[in-house]
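Trainee: Below are the structure tokens for one structure; questions will follow.
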Amino acid sequence: MSNIEVGLFDSINSSKEKEAKDWFKKLIQPEQYVGELYSINYETAKVIIHNFYRQKVGGIASLSFLIATRINPNGESEIKFTEEDSSIILLRVMDSTSLPQDIEAERIRVETAQRVSGEDDKLWDVTAMDARTKNLFDFAGLQCRIIGTFFLDEDSQNSEAPLSLRFGSDISNYYPNRGLKVYKPTSEALEAIINYCDPTNIRDQKKRFNNVKRVKLGNVRYASTNRRFQHVDDVPVFIYPSDLLSQKSALFGMTRTGKSNTTKIIAKSVYELRMPSSVDEMPLRIGQLIFDPNGEYANENVQDNNNALKNVYKLNIGSHKNDEVVTYGITNHPNDTDRRLMLLNFYLDDNLQIGKDIIDRLLEDDGTNYIKAFCQVAFEKPDESDRGALTRYKRSVLVYRAILARAGFAIPNNFRIVTRGLFNQDLLTAMRNSQSNSASDYISAASILAEENPSLNQLANAFESLDKFIRTENDYRDFERQYIARSSSGEPWADSNLKNLLGVFQYQNGAKKIGRAKDLHSSITSSDFAADIYEQLKRGKLVIVDQSCGAPEINKSSAKRIMKKIFDENQKLFIKGEENIPEILIYIEEAHNILPAGNDLDLSDVWVRTAKEGAKYKIGMVYATQEVSSIQKNILRNTSNWFIAHLNNTDETKELCKYYDFKDFEPSIRRAQDKGFLRVKTLSNPFVIPVQVDKFEI
């Protein structure tokens, strides 16, 4: 190596050592010294602290962060970042721990307290204990969890690039007999620690989205007793909205603990990705869909100071609501004149199977045989050249439409019914010539079926009699034997689809059950709202579905159908190898009403499939509910981002303890009921952060 090369090498090394010192000065604050680390293994550490230093740093709260290191950033020598001791161990305070002298100390404290017992003006640690003893007993032990290690590293691709701060979720060194100084980080140091994001993650996000904008979620909060003199209440916590894209995110907590407020902040932050904070970032339009069971996102309300999420478009100066935000509902709203009705015309040819699917989903828990048979019918139009199959198809469609009419589905104006060629003349003759006790009903039905343009209500009455004729009369069996004998296909006149549909007319409650879906029907619309919503999401709009006026089963059915449309369409694009698959984020409030139950093991459910496969189809999901156990385990296991508020029982907190390091926070989650006090773990954060979430505002 030449002298020039040696000089250059020494210069680079000197620069790195100075850079390392600057980094560690930022993270280690000597004035925040609290004590010494005296015992450590690979999972836990024990720290001895003194009351003097504890008071000086504003106290040490349970679950607060401490750092332990052998580095002295204020020393005269440069710091070599490659050496073993050039690292910082991040600790979380769990509880107190005993010191060897604690038994003797407790005895002396009791005796001292007894001496001043009953004397209001004396405190035993001030007036009844000598200074030397007090100083000795001011030492105490803390039990800490090892969160990981901060260290500095070079860019493997470019040795001249600046050093990067790295974090490992364990320790690479074991210190059986080496002292480490312990500090309580605040302000700048704490902000750098809790908002750490691996540089590789940032590069990956920038490569994928060309947008690594971060937004403030709230401030650090260690405990319910959050006093300002502890100097951590103003340390901001940031999240990367892109962490939520193509991922599953959970919000758990009791009612009125801040779940909805957090959801609004998240949705707002994702919306703001279309407004880059620097010229180097590209605007990123993300389609967001919110299922809003209480109408709190779609409508202004006094409880939230009229800060409805639908007004988020106002952040983008010059934009109009219809260009950015679309609201849907089953009914109109006086304060939302642009609202679109989430209704479908069940009678139209293009909507036959869509409407039938909606009804089937509403009835999927009905165990009666005739409803099961009805749900088995599917409308798949056959080839036009197959006249026999086409006739059977049209006949089944006519019966289905008559069921809708009897169930109370409003019939579109000028809706024309054609029966020509659908009903065999020999069948009608057999009905007219019947000698049974119900002959008058059969004769009337035959007259209606013989008309070219009867009404659907007339047909409903006729089909009720036809069903009875097919099921009970020998005259029909005679007709069918003759029909099969003459038929080239050898098939009966009434196929299984027709019988399954006619079976609804046997029961008084048959049409009534199907009528549960009539609130989703409109006789004047022509489009499919699920397809419309998907198109709006593709264009990066925020879509809010107000479900506050819908029956629970209708809300669940509609949400499932919309979700299936989104999943199927993005899946098609993925299979075709399309590059521009739209990024879509789905929000599910009161998720226990929509997602499969915790004990439901159906892996074919669209919600479970979205949780397991949604990432590759660029579908993210944010779900909020009160109970961890109410969510299907396959969904929980595929959740990357967690926002946890107060939960009031051990069943739920123990379920939560299965994930990440939430076990550390179990007592706090169960005890602290403060609104907006959350424990947060996101994709970019390597550990859980306790946060007081900001109030949502436009």
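The values are calculated or read from the model by the stated rules, or taken from the named source; none is laboratory data. Keep in mind that what you see is a predicted model, and the values were worked out from it rather than measured. Glycine also receives a Cβ, built like all others from the backbone with ideal geometry; neighbour counts cover every protein chain displayed. For the accessible areas, the whole protein counts, side chains as well, though only heavy atoms, and no ligand, DNA or RNA atoms are used. Shrake-Rupley method; radii C 1.70, N 1.55, O 1.52, S 1.80 Å.
Trainee: Once you sort the root eigenvalues of the Cα gyration tensor of segment 175-235 as a ≥ b ≥ c, which label holds: rounded (a/c under 1.5), prolate (a/b larger than b/c) or oblate (the other case)?
Mentor: In terms of gyration-tensor shape, oblate.
Trainee: Under 5 Å between amide H atoms, partner at least 5 residues away or on a different chain: which partners does GLN288 have, H built in plane at 1.01 Å?
Mentor: Placed amide hydrogens put LYS541, LEU542, VAL543, LEU585 under 5 Å from GLN288.
Trainee: HN-Hα J couplings of segment 175-189 from phi, Karplus 6.51/-1.76/1.60, θ = phi - 60°, integer Hz, Gly and Pro as x?
Mentor: Computed from phi, the couplings for segment 175-189 are 10, x, 8, 9, x, 10, 6, 10, 10, 9, x, 9, 6, 4, 5 Hz.
Trainee: Here's a follow-up. To the nearest 0.05, what FRET efficiency results for ASP22 and ARG637 with a Förster distance of 51 Å applied to their C-beta separation?
Mentor: Efficiency for this residue pair is about 0.75.
Trainee: For segment 398-502, how big is the tail of P(r) above 25 Å, as a whole percent of Cα pairs?
Mentor: So the portion of pairs separated by more than 25 Å is 19 percent.
Trainee: Could you size up the charge dipole of the chain around its Cα centre, putting +1 on the beta carbon of Lys and Arg and -1 on that of Asp and Glu, and report it in debye to the nearest 20?
Mentor: Computed about the Cα centre, the dipole is about 1020 debye.
Trainee: Summarise the accessible area of the chain (1.4 Å probe, protein heavy atoms) by the percent that is carbon and sulfur.
Mentor: Roughly 45 percent of what the probe reaches on the chain is carbon or sulfur.
Trainee: Next question, about the same structure. Identify all aspartates and glutamates with a Cα-Cα distance to LYS248 below 17 Å; exclude those on the same chain that are fewer than 8 residues away in sequence.
Mentor: GLU583, GLU589, GLU590, ASP605, GLU613, GLU627
Trainee: Right, something else. List every residue whose amide H lies under 5 Å from the amide H of GLN632, counting only residues 5 or more places away in sequence or on a different chain, with H placed 1.01 Å from N in the peptide plane.
Mentor: Excluding prolines and chain starts, which carry no amide H, the hits are GLY598.
Trainee: Give the residue list of GluC sites (Glu not before Pro) in segment 97-192 that are DSSP loop and have at most 15 other beta-carbon atoms within 10 angstrom.
Mentor: GLU119, GLU154, GLU160
Trainee: Take the alpha carbon atoms of the chain, find their radius of gyration, then divide it by 2.2 N^0.38 Å using N residues; give the quotient.
Mentor: Here the answer is 1.32, to two decimals.
Trainee: Rounded to the nearest 10 degrees, what's the angle between the helix 259-271 long axis and the longest principal axis of the chain, both from Cα atoms, 0 to 90?
Mentor: Helix 259-271 and the main axis of the chain meet at about 90 degrees.
Trainee: Separate question: Search the structure for amide H atoms under 5 Å from the amide H of ASP661, placed 1.01 Å from N in the peptide plane, and list their residues when 5 or more places away or on another chain.
Mentor: VAL688
Trainee: Given the pairs LYS206/LYS541; LYS310/LYS658; LYS259/LYS513; LYS310/LYS538; LYS612/LYS658; LYS538/LYS565, which are separated by over 24 angstrom at their Cα positions?
Mentor: Long pairs (Cα-Cα over 24 Å): LYS310/LYS658; LYS259/LYS513.
Trainee: Could you do me a favour and compute the accessible area per residue for the chain, 1.4 Å probe, result in Å²?
Mentor: 47
Trainee: Which Cα, out of LEU343, TYR483, GLY59, lies furthest along the positive dipole direction of the chain (beta carbon charges, K/R +1, D/E -1)?
Mentor: TYR483
Trainee: Hey, how much of the P(r) for segment 254-345 falls beyond 23 Å, as a percent of Cα pairs?
Mentor: Summing the P(r) of segment 254-345 above 23 Å gives 30 percent of all pairs.
Trainee: I would also like to ask the following. With charges set only on the Cβ (+1 for Lys and Arg, -1 for Asp and Glu), what does the dipole of segment 70-154 come to about its Cα centre, in debye to the nearest 20?
Mentor: 280
Trainee: Next question, about the same structure. Go through 293-299, 439-445 and give me the packing order, highest mean Cβ count within 10 Å leading.
Mentor: Top of the packing list down: 293-299, 439-445.
Trainee: Give, rounded to the nearest 20 debye, the magnitude of the charge dipole that segment 299-447 has about its Cα centre when Lys and Arg contribute +1 at Cβ and Asp and Glu contribute -1 at Cβ.
Mentor: 580
Trainee: Compute the distance in nm between two label points, each set 7 Å from the Cα along the Cα-to-Cβ direction, one at ASP198 and one at LYS512.
Mentor: That separation, rounded to one decimal, is 6.0 nm.
Trainee: Follow-up. Between ASN457 and SER187, what is the label-point separation in nm under the 7 Å Cα-to-beta-carbon projection?
Mentor: 8.0
Trainee: Counting only DSSP beta bridges with both residues in the chain, what percent are antiparallel, rounded to the nearest 5?
Mentor: Once the DSSP bridges in the chain are tallied, antiparallel ones form about 60 percent.
Trainee: Any idea which of ILE89, THR610, TYR393 is furthest toward the positive side of the dipole for the chain, if Lys and Arg beta-carbons carry +1 and Asp and Glu beta-carbons -1?
Mentor: Of the candidates, TYR393 comes out farthest on the positive side.
Trainee: A further question on this structure: For labels at VAL418 and ASN72 in the simple 7 Å Cα→Cβ model, what's the distance in nm?
Mentor: If labels sit at VAL418 and ASN72, their model points lie 9.8 nm apart.
Trainee: Using the Karplus curve 6.51 cos²θ - 1.76 cosθ + 1.60 with θ = phi - 60°, work out ³J(HN,Hα) for each residue of segment 339-346 in order, rounded to whole Hz, and write x for Gly and Pro.
Mentor: 4, 9, 7, 8, 10, 9, 8, 5
Trainee: A follow-up question, please. Can you give the Kirkwood hydrodynamic radius for segment 24-173, in Å, rounded to one decimal and based on Cα pairs?
Mentor: So the Kirkwood estimate lands at 18.0 Å.
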